[in-house]
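Engineer: Once you've had a glance at the structure underneath, I'll fire off some questions.
The values are calculated or read from the model by the stated rules, or taken from the named source; none is laboratory data. Just so it is clear, the model here is predicted, and its values are computed rather than measured. Every residue, glycine among them, receives a Cβ derived from its backbone with ideal geometry; neighbour counts consider all protein chains shown.
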Amino acid sequence: MSDTQSVPAVPTPEPTTLITIGDILKSEADRHSRENIKADNIKIGQLVQHPIRKKPLVALSNTNASGLVLVQPHNCVINLAVIKEADIKAVATSVDAFIKQGDEYGIKYIGKPITDASV
């Protein structure tokens, strides 16, 4: 008789990529112009509707306990390489149209969004 017990195999979860604010926000004119806006169940890198501007911005944080998410609505460079193309197309007619929306506020978008094929 063995002194050891059989331990059932536990499935290994799929690895997840940790996205940080530095992966998304590559440059900004003034960090003090960042805003916390009301948003429910938003994860970093998802798009969130700006309440005054009525246009989507990239979330720089997850929704916190107060129901707020951090965005940079002015004069910055945002990397789209960690944003899903499907999320962009859900709020704009095309990726190019989404990029053009940022011009008015000094937001420059760089990188190619994640396509369904690359997920």
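Residue-wise test of (1) surrounded by 16 or more Cβ atoms within 10 Å (Cβ to Cβ); (2) polar (S, T, N, Q); (3) modelled with pLDDT under 95; (4) within 9 Å of the chain's Cα centre (by Cα).
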{"site": "8", "(1), (2), (3), (4)": "no, no, yes, no"}
{"site": "30", "(1), (2), (3), (4)": "no, no, yes, no"}
{"site": "36", "(1), (2), (3), (4)": "no, yes, no, no"}
{"site": "42", "(1), (2), (3), (4)": "yes, no, no, yes"}
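Engineer: Here is a follow-up. Do you know which residues across the range 44-70 are among the hydroxyl-bearing types (Ser, Thr, Tyr) and modelled with pLDDT under 95?
Structural biologist: Result: no residue meets the conditions.
Engineer: Same structure, new question: Which residue pairs have Cβ atoms closer than 8 Å, lie 6 or more positions apart in sequence or on different chains, and pair a first residue in the range 80-100 that is over 17 Å from residue 110 (Cβ atoms) with a second residue that is assigned to a helix (DSSP H, G or I) and of a type in the set (D, E, K, R)?
Structural biologist: That search, which allows pairs on different chains as well, returns 86/116.
Engineer: How many of the residues in the range 18-65 are assigned to a loop (DSSP other than H, G, I, E, B) and either β-branched (Val, Ile, Thr) or touching a helix residue (DSSP H, G or I) at 6+ places or on another chain (Cβ under 8 Å) (or both)? Outline the logic, then answer.
Structural biologist: Start the filter on the range 18-65 by keeping residues that are assigned to a loop (DSSP other than H, G, I, E, B), which leaves 18-20, 29-30, 34, 39-46, 50-55, 59-65.
When the remaining residues are screened for being either β-branched (Val, Ile, Thr) or touching a helix residue (DSSP H, G or I) at 6+ places or on another chain (Cβ under 8 Å) (or both), the result is 19-20, 42, 44-46, 52, 55, 60-61, 63.
Going through the range 18-65 one residue at a time, the tally reaches 11.
Engineer: Considering only residues that are in contact with a Pro (Cβ under 9 Å, 6 or more places away or on another chain) and hydrophobic (A, V, I, L, M, F, W, C), look in the range 91-114 and name the one that is surrounded by the fewest Cβ atoms within 10 Å (Cβ to Cβ).
Structural biologist: Looking at the filtered set, the residue picked out is 91.
Engineer: Here's another thing I want to ask about it. Going by what's in this entry, would residue 59 be described as within 16 Å of residue 25 (Cβ to Cβ) and in contact (Cβ under 8 Å) with a residue 12 or more places away in the chain?
Structural biologist: So residue 59 fits the description; yes.
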